[in-house]
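Take a look at the structure set out below.
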Amino acid sequence: MSLVIKQSLIKQRLLTRFFATLALPLLLLSVVAPVTAQDAAQAAPALERVTNFTLLDQHGKAVELYYHGQAKAIVLLTHRNDSAVVKESAAALSALTSAYADQDVKVFLINPIAEQDRASVLSDSERQGIDFQILIDDTQLLSESLQLSWSGEAIVIDPRRWNAVYRGPVAEDLNKAADGKLATALNALVTGTELVADSQAMPAAWSSEQFTLPGLASQAMHSDISYSDTIAPMLKEKCASCHRPGGIGPWAMTDHRIIQGFSPMIKEVILTKRMPPWHADPEIGSFKHDMSLSTEEAQTLVHWIGAGAQRGTGDDPLKEVEAAESDWQLGTPDLIVDLPAFEVPATGTLDYQFFEVANPLDHDVWVRAVEITPGDRQVVHHAIATFGPSSDSGRRVESGEALFQSQLMTFVPGNETYVYPENVGLKIPAGSSFYTQMHYTTYGRETVDQSRIGLYFTDQEPEHILQHHSILNLNLRIPAGEAEHREGAYYQFQRDAVIYSLFPHAHYRGRNLEFALRYPDGREELVLSVPNYDFNWQRYFQFEEPINVPAGTMVIHHATYDNSTANPSNPNPEVSVRFGEQTWEEMLYGGISYRYAEPGENDSKIDPADAMASVAMGFMDSNMDGMIALDEMPAQARQSLAMAFVMMDKEKKGGLNFAQFRDLMSRSGGLGNMRP
């Protein structure tokens, strides 16, 4: 199958999935009167189709319902801490589903209780012995759409149509769950036999398990939410910077009529956490430029949509949204670097392009901010802008040299600008050159890209030099068909430093990306988690408060990949995948922006030997103990360097520290000999 056909099929699958969910929000789960204590024993909840959603579980792992479309059956069970009914129901479900261990039956618990946060739910699950993932519905929007009002209530879903085929208790007598209606529904879905949707009222004896969702109790007041005073200002602040005329959003938020028309889609992307495009775990770290909606904002917006997305009275603030006046978000640059025009064909695979542009300035300058503007956003996958000495006449400059040059910034979708921290900058000497690694992808139409780099200067020489390091795992191997494959690598600081931002990057199979700090005393701290990584939206996550780390601290980057058929964007689940530059290959790539705590004489220069040794040690040290053992080295290098290795291991520890390994690499010819 050609690459173009593969890419077309990926896009088709994603679009089909998107439009299948787009029409659901206003049609699914029509409002029914919640069950009350008086009629609990008589009323049976309505059976409805279930909308897509994404929630984080008690461990911070993301779960998207429609991702599990290949499952035979899905069971949702309403959870509440310290509930004996939930504990016994979960145990009964575990016993029932164990009989279908090879049939892909999924069970998820949903906790909609606002006062019970992730930490308390995790503690409760461990105390109660519940092994299932418990999804934290912090906004309660999913629970409202499901009309949840009982702990211990179960919903059985048929993933072929996403409709509920059973709703009620796991069994009225949990000791006889195998004979109940839920068991009957599960068995029918697993065996493919004919099934009639059924429901059962929650037992009156469980009345203490009832609860009321505030959003449902106040539903009659949702029509009073003001578009003019509440909704439009929120959209203007959170969304209109992209969704404006000339912006990168596919449509512009210019008035109420547009918002009302797109309201089903807005609701869907909020429930699935696809928009706003901010995918960091909100409970880990605090970052600048956080685009996410707060819990209250998400509730208000969805409630307003559910009430009909009415205009109401008052002015329309979205009419004040101005078109993008120029290509430069940060204003007119002090220097614009025009990259060479590059002809991108309609189809095919393109090698990375590495452009050199001579610095036109005859004097040294200090950079305080950078912005990269693509000529054609549809073809620019990424651009890494660096600078260094001008190349010698006739010498071919290789793309990989970007790793060992001073980096200005990386452009990827969602990361177009980089304003450096206060009193931190980069010095660009006169007579140097700008280098840019360009990754182009074709999309069925010939085009010409001419991207530009905008540089913003400062007159004051900063105290510190901005540093950047790339964590790579060149040994990356993802087995065919594997749904959760975890890999890692690290960078170890040799000096005290201050970390400003982190950049996680993978391709289509990337699913969950994390950064943790391991301090010299052995303590570990998770500082960034992206549990639902989206290849289409990438960014530097800049800490609100920079992190001070002592020498010896490791920045450990882990990535989990999905190479299974369940991944709708997987180019080919039938092949094992290795590290590579093209998007049908994969990457473990983590960027770190930092400065040293105390300025050094050579901070403005990158030592290639240090950089190569840091990269190689970060992925070869598989047990991450800060030492390279001989058996951790690639077989070819191991055989040729065994004698030198033994001689350098002067302390006879069975491994080399960073300085020793750096020396070994310098003698062996560098990074190329360390690849598997």
| message | When the residues of the range 178-233 are narrowed to those that are free of Cβ contacts under 8 Å to residues at least 40 places away in the same chain, part of a helix (DSSP H, G or I) and of a type in the set (D, E, K, R), which ends up farthest from THR78 (Cα to Cα)? | response | ASP224
| query | If a residue has to be over 21 Å from GLU115 (Cβ atoms), among the small types (Gly, Ala, Ser) and surrounded by 15 or more Cβ atoms within 10 Å (Cβ to Cβ) to count, how many in the range 192-225 make the cut? | reply | 2
| message | Taking the conditions exactly as written (within 20 Å of HIS557 (Cβ to Cβ), in contact with a strand residue (DSSP E or B) (Cβ under 8 Å, 6 or more places away or on another chain) and among the basic types (Lys, Arg)), does ARG477 satisfy them or not? | response | yes
| task | Quick one: which residue in ALA430, ALA341, ALA369 is out of contact with any Phe, Trp or Tyr (no Cβ under 9 Å at 6 or more places or on another chain) and modelled with pLDDT of 95 or more? | result | ALA341
| task | Please state which one of SER393, SER399 is crowded, with 16+ Cβ neighbours inside 10 Å, farther than 22 Å from CYS242 by Cβ, at pLDDT below 90 and of a type in the set (S, T, N, Q). | result | SER399
| message | Return the residues of the range 226-247 that are under 25 Å from the mean Cα position of the chain (by Cα) and surrounded by 15 or more Cβ atoms within 10 Å (Cβ to Cβ); say none if nothing qualifies. | response | MET234, LEU235, LYS236, LYS238, CYS239, ALA240, SER241, CYS242, HIS243, ARG244, GLY247
| request: Answer with yes or no whether TYR533 is assigned to a loop (DSSP other than H, G, I, E, B), in contact (Cβ under 8 Å) with a residue 24 or more places away in the chain and crowded, with 18+ Cβ neighbours inside 10 Å. | output: yes
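Here is a yes/no grid of residues against (1) closer than 18 Å to GLU48 by Cα; (2) of a type in the set (D, E, K, R):
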position	(1), (2)
LEU142	yes, no
LEU146	yes, no
ASP158	yes, yes
ARG167	yes, yes
ALA171	no, no
ALA177	no, no
LEU186	yes, no
| request: At least 3 residues that are surrounded by 18 or more Cβ atoms within 10 Å (Cβ to Cβ) in each: list the strands (runs of 3 or more DSSP E) lying fully within the range 56-153 that qualify. | output: 73-78, 105-111, 133-136
| Could you say whether any residue in the range 476-489 is under 21 Å from the mean Cα position of the chain (by Cα), among the small types (Gly, Ala, Ser) and buried (at least 18 other Cβ atoms within 10 Å of the Cβ)? | yes
| query | With MET612, MET665 as the choices, which residue is crowded, with 20+ Cβ neighbours inside 10 Å, over 26 Å from the mean Cα position of the chain (by Cα) and either closer than 21 Å to ASN475 by Cβ or in the same structural domain as GLN542 (by TED's automatic domain parsing) (or both)? | reply | MET665
| request: For residues that are of a type in the set (D, E, K, R) and either within 22 Å of LYS267 (Cα to Cα) or outside any loop (DSSP other than H, G, I, E, B) (or both), tally how many sit in the range 154-172. | output: 3
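The values are calculated or read from the model by the stated rules, or taken from the named source; none is laboratory data. Just so it is clear, the model here is predicted, and its values are computed rather than measured. Every residue, glycine among them, receives a Cβ derived from its backbone with ideal geometry; neighbour counts consider all protein chains shown.
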